[in-house]
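Below: one structure, written as structure tokens.
The values are calculated or read from the model by the stated rules, or taken from the named source; none is laboratory data. Note that this is a predicted model, so its numbers are computed, not measured. Here Cβ is always computed from backbone atoms with ideal geometry, including for glycine, and neighbour counts include all displayed protein chains.
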Amino acid sequence: MNFPWLLSFAVGFLSLSQEILWVRLISFAHMGAPTAFGFVLTLYLVGIALGAEIGKRACKRGTDLYDVAALALLLAALTDPLPPILGPVIALRVGSGVGLVQMLVPSLAIVATAAIKSVLFPIAHHLGSSQAGAHIGSSVSKVYFGNILGSTLGPIVMGFFLLDRVGLDVAFRLVGLGSLLLAGACALRSERRRRGTVIGVAAGVLALVLWLGQQPSHVIRSGDRSFQGAEGAQAEIRQVVENKYGIIHTVGIPGRTDDVVYGGNAYDGAISIGLHPDPNGIARVYVAGVLARQPRRALVIGLAGGAWVRVLTALPTLERVDVVEINKGYVDLIQSYPLVKPILDDARVAIHVDDGRRWLKRHPGERYDLVLMNTTMHWRAFQTNLLSAEFMSELRGHMNADGVFALNVTNSLDAAFTVEAAFPGALRHGSFLYARRGGSPVVGGDQVQAALRSMTLDGRPLFAAADWEPGGSAHRIVDLVAGLSPVSVLLAREGGRGRMITDANLLPEYRHGIRLELPPVSWLLPAREQAKFTH
């Protein structure tokens, strides 16, 4: 096989594979910011331009180009595994904005890693092209085709195959191993420094192979672990699940018995179904179950840690729960927690690994008495898909005449406006909205108490006698239902600031979403923002 063609193919494969890894790393560090891809792509293109310029100058000097290629690839091999180590430096922290270091460090690192490999692009074309005659164009096009083929296959193999089998740390190291092997191949063709380069490559391969055996942890440590106990004890990472869909991990916080779940480094709930205390805000799903008035069929979009589905299974009239979750890793996570694991063995619970909107389109005949969406923050990438007016219309078509829709709008006035337009008469508790297809979801106090008394879990009543005493858990739910307020009042108070979300305008991500800075989080909003969603 023509070696310059192979060199061009391999460099394209490795370079674009690493770009995919950079996108995942930046997205994780910035908690799913929709700007992560554009940020990496822009800097990668800058790096490619700089590297190509360096390679062009090497070609003009007429030096041993295989020697230059070997040295560039050796440098790439030494730097390729390093990006995950930058995680703790570049990660955003809850309650803080983006700083100079958090912008400058990844920017320089992305440009550098892209530039080093791009040195090879003009070199491969120079080596693989006919220097004269009628075949210059065809020879250049063949080398260019090799690069395009490698650049196409790299993201496919890395994104759909390797990342489903290895963690992000290991994936970066594999790219480094590929650079080392390619450096060795170039060194064997060079005229100078062959022996030293080969020895260096061999030593590097050995070091990298040993490194591959280490437990990957740098990426996960890049997340916000600022929780501390009274005596300064730091939070502990308990479970980590990495696959092609993303990174999920749980954190044990000092002083708490429940673990907190993070999906893509963004808060995803807690493994808890208790009401005293209620770190999960789980009281909101009890309210949804009561408002649904003895539901038989329920749809849950977003599984996360499984606590909300576990509570739903306590409803005595429930015959089936369809749970749609895009990341199968949550199912693996739930296996490790006895509190929520029973939902995996419950015959009434069917878990579908799919996009929620796509699943609904593929099952036009399904109808539900209760639809529950406690999905992630509105400012994260792709959230328009589950908050737009078009999706609300699709959802209405899957609800029975008296069906209830409950969702967390995570303090988005636009999302509240869109829900109210699709389901007039919606009520709210904080940022959680409740709507009925046939009108307002109001129920009487007697109905609330009857519904709560009927709920059982593992054959036992969910609310004991003590929960019905003043200040008990059951009374808290009764009070929450009685205290629900109209969404229309909130929107009127805000003077029309809410706008309709559509598939075309991407309001959640780009009107109030982050631009490489931390967005408001529902429980950490400034006082003026909190006021919008308090009674």
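Tabulated data
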item: Matching residues, the stretch 468-479, being in contact (Cβ under 8 Å) with a residue 60 or more places away in the chain and surrounded by 18 or more Cβ atoms within 10 Å (Cβ to Cβ); result: Ser473, Ile477
item: Residue among Ala307, Ala292 that is over 23 Å from Ile237 (Cβ atoms) and among the small types (Gly, Ala, Ser); result: Ala292
item: Flag for Arg284 being in contact with a Pro (Cβ under 6 Å, 6 or more places away or on another chain) and either modelled with pLDDT of 85 or more or on the phi < 0 side of the Ramachandran plot (or both); result: no
item: The lone exception for Arg460 - which of (1) within 18 Å of Pro316 (Cβ to Cβ); (2) of a type in the set (D, E, K, R); (3) under 35 Å from the mean Cα position of the chain (by Cα) it fails; result: (3)
item: Pair list, Cβ under 6 Å, 6 or more apart: the stretch 399-426 residue in a strand (DSSP E or B), other residue among the acidic types (Asp, Glu); result: Asn400/Asp369; Gly403/Asp369
item: Tally of residues being surrounded by 17 or more Cβ atoms within 10 Å (Cβ to Cβ), within 18 Å of Leu312 (Cβ to Cβ) and in contact with an Asp or Glu (Cβ under 9 Å, 6 or more places away or on another chain) across the stretch 401-416; result: 2
item: Where a residue in the stretch 369-383 is under 16 Å from Tyr262 (Cβ atoms) and its partner, wherever it lies, is in a strand (DSSP E or B) and hydroxyl-bearing (Ser, Thr, Tyr), with Cβ under 9 Å and at least six apart; result: Thr376/Tyr267; Met377/Tyr267
item: Given (1) more than 25 Å from the chain's Cα centre (by Cα); (2) more than 24 Å from Gln239 (Cα to Cα), number of the condition Asp345 does not satisfy; result: (2)
item: Unmet requirement for Leu181, which otherwise passes all of (1) part of a helix (DSSP H, G or I); (2) more than 33 Å from the chain's Cα centre (by Cα); (3) at pLDDT 65 or above; result: (2)
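Each row is one residue, and each column tells you yes or no for (1) of a type outside the set (Phe, Trp, Tyr); (2) under 21 Å from Tyr267 (Cα atoms); (3) assigned by TED's automatic domain parsing to the domain that holds Ile301.
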| residue | (1), (2), (3) |
| --- | --- |
| Tyr368 | no, no, yes |
| Thr376 | yes, yes, yes |
| Arg380 | yes, yes, yes |
| Asn385 | yes, yes, yes |
| Ala389 | yes, no, yes |
| Ala406 | yes, yes, yes |
| Asn411 | yes, yes, yes |
